[in-house]
1. Could you go through region 35-44 and let me know if any residue there is surrounded by fewer than 18 Cβ atoms within 10 Å (Cβ to Cβ) and modelled with pLDDT of 95 or more.
2. For residues that are of a type in the set (G, A, S) and at positive phi, tally how many sit in region 227-267.
3. Quick one: which residue in S110, S99, S104 is surrounded by 19 or more Cβ atoms within 10 Å (Cβ to Cβ), closer than 29 Å to I14 by Cβ, modelled with pLDDT of 95 or more and over 15 Å from the mean Cα position of the chain (by Cα)?
4. Just one of the numbered conditions (1) out of contact with any helix residue (DSSP H, G or I) (no Cβ under 8 Å at 6 or more places or on another chain); (2) touching a residue at least 24 places away in the same chain (Cβ under 8 Å); (3) in a loop (DSSP other than H, G, I, E, B); (4) not aliphatic (A, V, I, L, M) is not true of D116; which one?
5. Within region 203-218, is even one residue outside any helix (DSSP H, G or I) and within 21 Å of I43 (Cα to Cα)?
6. Of the numbered conditions (1) part of a loop (DSSP other than H, G, I, E, B); (2) in contact with a Pro (Cβ under 7 Å, 6 or more places away or on another chain), E19 satisfies every one except a single condition; which is it?
7. Restricting the search to region 1-21, which residues are in contact with an Asp or Glu (Cβ under 9 Å, 6 or more places away or on another chain) and either of a type in the set (D, E, K, R) or more than 19 Å from F262 (Cβ to Cβ) (or both)?
8. Within region 123-148, how many residues turn out to be of a type in the set (S, T, N, Q) and either closer than 17 Å to P195 by Cα or under 15 Å from the mean Cα position of the chain (by Cα) (or both)?
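The values are calculated or read from the model by the stated rules, or taken from the named source; none is laboratory data. If you're wondering where the values come from, they're calculated on a predicted model, not measured in any experiment. Positions of Cβ are backbone-derived with ideal geometry, glycine not excepted, and every protein chain shown enters the neighbour counts.
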Amino acid sequence: MEHLLLGAIAGDVIGSLYEFHPTKDYSFTLLHSRMMDYTDDSIMTIAVADWLLHGQPFTLPSLADTLRLWGNRYRYPHGGYGGIFTAWLSRKEMGPYNSWGNGSAMRVSSVGYAFDTLEETQRVARLSAEVTHNHPEGIKGAQATAAAIFLARTGASKEEIKDFITREYGYDLDRDYKDIHATYRFEPSCQETVPQSIIAFLVSNDYEDALRLTISLGGDADTMGAITGAIAYAYYKEMPPAIHDFAWNKLPDDMKDIVTAFDGMCG
C-alpha cells in the first residue's frame, strides 16, 4: 500500500467532476485531466492528518487552527467550501455550528489509520467532527467512517464491518444497492451519505469498482468518493496505478509532504 490518504483523495478527485454533473452511469469517464481536481474534501483530509502529525495533545482549538490554516491557504478550491464553513474559516471566534453535513465524514480518513485501538479511533473521530459538526449525526458519520477504515485495515471481513457499523451506529446497511441507485439523488447530510457510501464499498470487488459504484449513485460524488475510497483502500490495500498517479499528481507539494509524513507516522 502506498500513500494511505490517497484512498480518500483519489475518490475526491475523481468524484469532483460529478459533484455538479451527477451521473448514474457506472461506466463514467474515470480520469479527466482538465475537469477533475482535488476539492475541499482533500484539503480538509490533509488538514486533519496534519493535526494528527503535530497536534498532540489532540484538542479542539489546535484542530480549529489547523483546519483554518489549510482552508485559508487554499481559499477557493475546485467546487468551493460550504457557505457556513466558509464563514467559520474567516471567523476565529466562531465555534461549532451544529452541522449534520457530510464534511465531518469526508475529512476523517487519517483517524482511521492513526491509532492502535478502535476505542481511540472513535474518540478522536468525535473530536475531528465536533470542532464544526457537533450535531449527533455529524459526529456519528465521522465515527462510522473512521471505524470502518480501522476495521478494514486491521483485517476485519466485510460482514464484520457491516455488523459493527449497524450495531454501533444504527445505519441500515441491508438495503439493496440497486434499490438505492434507482432513486438516490444529491444529499449533503451524513445520515443520507455515509450509509450509502459504506454499502457501495460492501458490494464492491476492488477499489475502482467501489468508486464507480458510489459515484454512479448520482449523489455528492466527491464526498462519497472520499468516504468509499478511504474504506475501500484500507480494505483492498491497492488501487490501479493510473488512479494513484493521477490523484498524486494533482496535489501541490505541501499536501504531498503531509501525505508522505503521515505514511511515515503510520509505519
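1. yes
2. Just the residues of region 227-267 that are of a type in the set (G, A, S), to begin with: 229-230, 232, 234, 242, 247, 261, 264, 267.
Retained after the next criterion (residues that are at positive phi): 267.
Adding up the residues that qualify gives 1.
3. S99
4. For D116, the failing item is (2).
5. Start the filter on region 203-218 by keeping residues that are outside any helix (DSSP H, G or I), which leaves 203-206, 216-218.
Add one more test, that the residue is within 21 Å of I43 (Cα to Cα), and what stays is none.
No, region 203-218 contains no residue that is outside any helix (DSSP H, G or I) and within 21 Å of I43 (Cα to Cα).
6. Result: E19 passes all but (2).
7. If the condition is that a residue be in contact with an Asp or Glu (Cβ under 9 Å, 6 or more places away or on another chain) and either of a type in the set (D, E, K, R) or more than 19 Å from F262 (Cβ to Cβ) (or both), then E2, D12, I14, G15, S16, L17, Y18, E19 are the ones that fit.
8. Here the count works out to 3.
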